[in-house]
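Student: Okay, handing you the structure first.
Values quoted throughout were computed directly from the atomic coordinates according to the rules given, and no laboratory measurement underlies them. What you are looking at is a predicted structure, and each value in this text was computed from that prediction instead of being measured. Positions of Cβ are backbone-derived with ideal geometry, glycine not excepted, and every protein chain shown enters the neighbour counts.
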Amino acid sequence: MGSGREARDWFKISRFLHTFYKGKIEVLPKVPVRGMDDFSIWYTPGVAEASRAIHREPDLSFELTSRWNTIAVVSDGTRVLGLGNVGPEAAYPVMEGKALLFKYLGGVDAVPIVHRKRDLEEFLDLLKALEPSFGGINLEDIESPKCFTLLDRARSELGIPVWHDDQQGTAAATLAGLINAFKLVGKDLKKSRIVLFGAGAANIALYRVLKTYGVPPANMVVLDSKGVLHPDRDDIDKLMISNPHKYKIAVETMGGGLGPSSGLEEALKGADAIVAASRPGPGVIKKEWIASMEQDAIVFAEANPVPEIWPWEAREAGARIVATGRSDFPNQVNNSLIFPSVFRGVLDVRARTITDEMLIAAAEELARYAEEKGLREDYIIPRMEEWEVYPRVAAATAYKAVEQGVARATITYKEELEQARTVIELARRKLEELWKAGLIEEPPEG
């Protein structure tokens, strides 16, 4: 029997409310306008002084304009949620929803930008052209393998943080869950055998982050739809050209000690954990395969809308801790716990980039928060409604940026904790006051 939440028709409700509100975000002034004289300050002639100052020192754009708190959410619509290549117009509602999450959870102003620049170089040129308007860029729903090269190039060629949430956000949230899952079962994450099933954006980024965290490549097995990534696989020469990230993993892991024709069944034998980010189930991962894993196995089945194996089936097969991507099951691996906080932190220190070490700092803070609340087999990672975690993750991210020398401004953990808390609480309070005042209209019963 499903819960009341499960029983509701979210598609029907969403279509009705999208039609009623005609979008989810708008632009509002943040300065007083008491009469026409105020425009002499905010626009001509007074605004010329701000322009002259920025012309002399371009970084003043982070102090004299909204750039300090504004990012672009950019997509070409080639891999939207579970819908696939639906195009930029159809991607817009998703980017707008992301902007809403950025504001409500992180106090970050986010502008949806969808476009038709599918060519890698043209896409990159677009990001460079947009750079002066924004303090950061969140890439979203971009097809693989283009998303990897685009992120790598953009991170190295732009002077503001560029982030791909399907890669970095999911990887950081997953790492947080893994840190606490391994604590609960009494194993060392850095000495355990981990299977990554699915070699798309999320798991390729997770592999890189786990390696930076200290997990040896030889301890990891990564599989795509054709099997284990292995240097002796038949298509390895093609991968070197078509997907160099997969090729690098194959060479570094050497297939995790398995043969080049091995599949998931062989990979799971004796494994301590699996992180699946592949295709919706159920039945993609079989119970008997989970039963072949080590005692106290950890299973992260992150496919949406249906995980690769149902959580109860994984537990029946011997898994001790199970996580999914769904909010109606325990232990939701939710990148919404990561991206608003990370951008809050990097914007507040005017960071030039987001490093893997900053991702790890965010993941560790997220894990620490859950540990302080009390870890259980059904609670290894915070839930979205635990608001106090967001300023903490922002502070950890900002402090690591300063420590690594990629920040334009210097701030302590405590200072950023207070600043982030103030900005996030103000954003939420503004929305609540607009609702209370009736300025956000209540929809009719539909």
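Student: Where Lys and Arg each count +1 and Asp and Glu each count -1, what net charge lies around residue 219 among other residues with Cβ under 13 Å from its Cβ? Display every interim value, and only then the final one.
Tutor: Working: positive: 187, 190, 191, 193, 211; negative: 188, 252, 272, 294.
Residues near residue 219 contribute +1 overall.
Student: Continuing with this model, one more query. Can you give the FRET efficiency to the nearest 0.05 for residue 10 and residue 384, using r as the Cβ-Cβ distance and R₀ = 25 Å? Please report the intermediate quantities before stating the final value.
Tutor: Numbers: r = 16 Å, r/R0 = 0.64.
Approximately 0.95, to the nearest 0.05.
Student: Another question, if that's okay. Would you please give the residues with an amide H less than 5 Å from that of residue 323, counting only those at least 5 places away or on a separate chain, with H modeled from the backbone geometry?
Tutor: Placed amide hydrogens put 299, 300, 301 under 5 Å from residue 323.
Student: OK, next. Using the 10 angstrom Cβ neighbour count as an exposure proxy, how do 55, 230 rank, fewest first? If you can, show how the numbers build up before the last one.
Tutor: Values: 55 10, 230 24.
Ordered by Cβ neighbours within 10 Å, fewest first: 55, 230.
Student: Expressed as a whole number of Å, what is the distance separating the alpha-carbon centroids of the stretch 82-146 and the stretch 367-420?
Tutor: That distance is 25 Å.
Student: Just to check I understand the Karplus step: with θ = phi - 60° and J = 6.51 cos²θ - 1.76 cosθ + 1.60, what whole-Hz values come out for the stretch 133-140, glycine and proline as x?
Tutor: Working through the residues one at a time gives 8, 10, x, x, 9, 9, 7, 8 Hz.
Student: Any chance you could check the Cα centroid distance between the stretch 56-74 and the stretch 195-269 for me, in angstrom?
Tutor: 40 Å
Student: For mean projected area of the Cα convex hull in nm², the choices are (i) 24.2; (ii) 23.1; (iii) 18.9; which was calculated from the structure?
Tutor: (ii)
Student: Could you tell me which of the pairs 117/146; 24/430; 103/373; 190/414; 146/269; 226/286 are separated by over 22 angstrom between their Cα atoms in the structure shown? Don't skip to the answer; put the middle values down first.
Tutor: Numbers: 117/146 12 Å; 24/430 15 Å; 103/373 26 Å; 190/414 30 Å; 146/269 33 Å; 226/286 17 Å.
Over 22 Å apart, Cα to Cα: 103/373; 190/414; 146/269.
Student: At 0.36 nm per residue, minus the direct Cα-Cα distance, what do residue 437 and residue 27 gain on full extension? Give it in nm, one decimal, please.
Tutor: Details: separation 410, 0.36 × 410 = 147.60 nm, distance 1.79 nm.
So the extension gain works out to 145.8 nm.
Student: Could you compute the net charge surrounding residue 153? Neighbours are other residues with a C-beta less than 11 Å from the C-beta of residue 153; K and R count +1, D and E count -1.
Tutor: Values: positive: 128, 146, 155; negative: 121, 125, 152, 157.
In short, -1.
Student: Arrange 122, 294, 445, 302 by Cβ neighbour counts within 10 Å, fewest through most, would you?
Tutor: Values: 122 12, 294 17, 445 3, 302 25.
Final ranking by Cβ density, sparse to dense: 445, 122, 294, 302.
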